[in-house]
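Enquirer: Quick one: this structure, given as structure tokens, is what I'll be asking you about.
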Amino acid sequence: MKFAGGAAVAVTAASCPQPQEKPWDAIIIGSGLGGLGAASTLAQLAGMRCLILEQHWIPGGMTHQFRRPGGHWFTCGTHYVGQMGEGDAMREFMDFVTGGVVWDPLPDTFDMFCFKSDGAQFSQPTGAKRWMERLIESFPAEQKAIRRYFRDIKRVYSWYRFYFLSRSMGRPFSSILATCTAPRRRAFAQQTCQQYMDGAFRDRRLIGVLCALWGDYGIRPDLVTFMQHALVAGNNFEGTYYPRLGSRALAKGALALIRAKGGEILLSTRVTQIVLDEAGRAVGVRAVRGGKEGVYRGRHIISAVGAYNTFRTLLPHPLHDCLADTRLQHAGHAVISIWLGLDASPRELYGMHGENRWISADYRHSQARLYDPKVREVTYAFLSCSALKERYAGHAHSLEVCLFTDPAYFMGWEERNDADGRQDYVQVKKNIVADALDFVDQFVPGLKDHVIFSEVGTPVTWNSFCGWPGGTMYGVPPTGQRLEAEAALQPRTSVENLWLAGVWSLMRQCVKYRGCEAACALNPRPLTDGLGSIVLCHYGSVPTIYM
């Protein structure tokens, strides 16, 4: 492992300066929702003093928002969340973690799937039964298969329920629950989404509609598991929601609870190494803050910055070679975010009311070409408007467009710090905006004429601010090969006192539970007693799907 100052060396807590008088109960690396969830859970139910270290100057990970001149607020990664209605278990858990952030429902039609090849548009309404009936109305010849599809979504949720609990609970419960995750059921869940679709349906247009949200799990249907598709699709069946005061309210609420128990967060603090003692136990982290390097000591270390960063770059001796497998790393896609300031409201211009729009070149998602800045061809885009989802006045008009790309297309830009490199990168981002606006014009005509401000985030951006390998934001890609890395994705790691939380542990679905999972593994008795009713309620049931 290399650091800015040279090769890694063995480090012990005693050999480094100490920024605090006594160890923290827990140190959390990263302030995304997984890290905040772990810290909030430990603080509230175990009274633990937690220190969160965040390399960005804004907390919240991909839930954070930023403001630009003219009053334009933009979100980085939170566009909508399912199962957040009153009484939903996920809502109860989020209320617990954040102190009761208010959530508002998106419009009844929360997703629109648009296809440039024939101009067709399909709108998904709230309610599994209504969505199923609308699909049957559009594809009557596939009625039997459509009904089976909704039952199979429920079937996968049932399998995943036991799978999650078998990972989260100690023996003998984990062994008993493991019998409910038999190889045959696991094989069904782990087939690719495209394999399932090809076996279930004959109509290629119907397959295209059902797979049109593949950007939500960040990888094409021919690569992603059917389990991941089912978890994402099923999570949205009964409607989607957005925080009333914006996604930035999530970090604000959680941090208030953490600080109430003596915890704190340090921003602009980059962790460079997890410190081990002579026995190989995690006892702290080495970090750089304000140009000064030191060690923060803690009884437990929770990493919410990804399994790859945790095991391959932050430990003195890298672990889990499976995470370095280029086949696994290169399977993941990256996101290009385009933030647009407008001179008029999308509500007035296009009749938008806060719903999302997925625009595809055609129905063949598994053949979709990822955006290449050299080729400049867009085949798939996601449109969202956070300003229409937040319920307060004074918001400037805005729109967000996301494209999907191969991280390899942007490799090398970090090293090009000369004037020519910077100029080329600026031109690439201008081209991205132009290409995206041209692609979506069929469904939001004349959008380019209303843009008064634009900013672009590429994989280079995500790598710089979040430290994601290659700039991929979805963690270990949810492919079948991910199972080979499963041992590295458990909350309890092979290093004593080191725990894993966040998007890289298990699946990105329900990332807020990953923090809870790490916290419960760390201190099971008080946490399981306090959170059991919430977590077991959610994973002991499945979304309400009416047949």
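Enquirer: Any idea what the dipole of segment 48-116 comes to, in debye rounded to 20, about its Cα centre with Lys/Arg Cβ at +1 and Asp/Glu Cβ at -1?
Expert: In debye, rounded to 20, segment 48-116 gives about 460.
Enquirer: Going by the alpha-carbon gyration tensor, a ≥ b ≥ c the square roots of its eigenvalues, is segment 198-339 rounded (a/c under 1.5) or, if a/c is not under 1.5, prolate (a/b greater than b/c) versus oblate?
Expert: Here segment 198-339 falls in the oblate category.
Enquirer: Further question on the same structure: Please list the non-local residues whose amide H lies under 5 Å from the amide H of Ala120, H modeled 1.01 Å from N, same-chain partners needing a gap of 5 or more.
Expert: Placed amide hydrogens put Phe115 under 5 Å from Ala120.
Enquirer: Moving to a separate point now. Starting from the amide H of Phe453, placed 1.01 Å from N in the peptide plane, find each other amide H under 5 Å away whose residue is 5 or more places distant or on another chain.
Expert: When sequence neighbours closer than 5 places are left aside, the close amide H contacts are Gly341.
Enquirer: Under 26 Å Cα to Cα from Lys374, which lysines show up? Leave out anything in the same chain fewer than 8 places away.
Expert: Within the straight-line cut-off, Lys374 pairs with Lys116, Lys429, Lys430, Lys448.
Enquirer: In whole Hz and in residue order, list the ³J(HN,Hα) couplings for segment 224-235 that follow from phi through the Karplus curve 6.51 cos²θ - 1.76 cosθ + 1.60, θ = phi - 60°; x for Gly and Pro.
Expert: Taking θ as phi minus 60°, the curve returns 6, 6, 5, 4, 5, 4, 5, 5, 6, 5, x, 4 Hz for segment 224-235.
Enquirer: Quick one: ranking Asp108, Asp372 by accessible area, 1.4 Å probe, largest first, what do you get?
Expert: Asp108, Asp372
Enquirer: What is the set of long-range amide H partners of Thr269 at a cut-off below 5 Å, with H atoms built 1.01 Å from backbone N?
Expert: Glu54, Gln55, His56
Enquirer: Something else: For segment 271-374, what % of the accessible area comes from carbon and sulfur atoms, probe 1.4 Å?
Expert: 48
Enquirer: Next up: Provide the per-residue ³J(HN,Hα) series for segment 289-297, in order, calculated from phi with Karplus coefficients 6.51, -1.76, 1.60 and θ = phi - 60°, each as a whole number of Hz, with x at glycine and proline positions.
Expert: Couplings: 9, x, x, 10, 10, x, 10, 9, 9 Hz.
Enquirer: For a Förster distance of 51 Å, can you work out the FRET efficiency between the beta-carbons of Asp108 and Ala408, rounded to the nearest 0.05?
Expert: The formula returns an efficiency of 0.80 here.
Enquirer: Calculate one ³J(HN,Hα) per residue across segment 443-458 by plugging θ = phi - 60° into the Karplus curve 6.51 cos²θ - 1.76 cosθ + 1.60, and present them in order as whole Hz with x for glycine and proline.
Expert: 10, 9, x, x, 4, 4, 6, 10, 7, 10, 7, 8, 8, 10, x, 10
Enquirer: What order do you get for 128-135, 422-429 when each peptide is scored by the mean count of other beta carbon atoms within 10 Å, highest first?
Expert: 128-135, 422-429
Enquirer: Another one. Keeping every protein chain present and rolling a 1.4 Å probe, give me the accessible area per residue for segment 212-347 in Å².
Expert: 33
Enquirer: Stretch Leu267-Glu137 to full length: gain in nm at 0.36 nm per residue minus the Cα-Cα span?
Expert: Residue separation times 0.36 nm, minus the Cα-Cα distance, leaves 41.6 nm.
Enquirer: How large, in percent, is the carbon and sulfur part of the accessible surface of segment 10-139 at a probe radius of 1.4 Å?
Expert: C and S atoms contribute 51 percent here.
Enquirer: Here is a further query. Which of the peptides 376-386, 184-194 is most tightly packed, and how do the rest follow, going by the mean number of other Cβ atoms within 10 Å of each residue?
Expert: For the peptides 376-386, 184-194, the packing ranking is 376-386, 184-194.
Enquirer: Hey, another quick one. Summarise the accessible area of segment 175-268 (1.4 Å probe, protein heavy atoms) by the percent that is carbon and sulfur.
Expert: 55
Enquirer: May I pose another question? For Glu278 and Arg130, what is the calculated FRET efficiency with R₀ set at 60 Å and r taken between the beta-carbons, to the nearest 0.05?
Expert: FRET efficiency, Glu278 to Arg130: 0.45.
The values are calculated or read from the model by the stated rules, or taken from the named source; none is laboratory data. What you see is a predicted model; the values in this text were computed from it and never measured. Neighbour counts are summed over all protein chains in view; Cβ atoms, including those assigned to glycine, are modelled from backbone coordinates with ideal geometry. The protein model used for the area step is the full one, side chains on, heavy atoms only, and it has no ligands, DNA or RNA in it. Shrake-Rupley method; radii C 1.70, N 1.55, O 1.52, S 1.80 Å.
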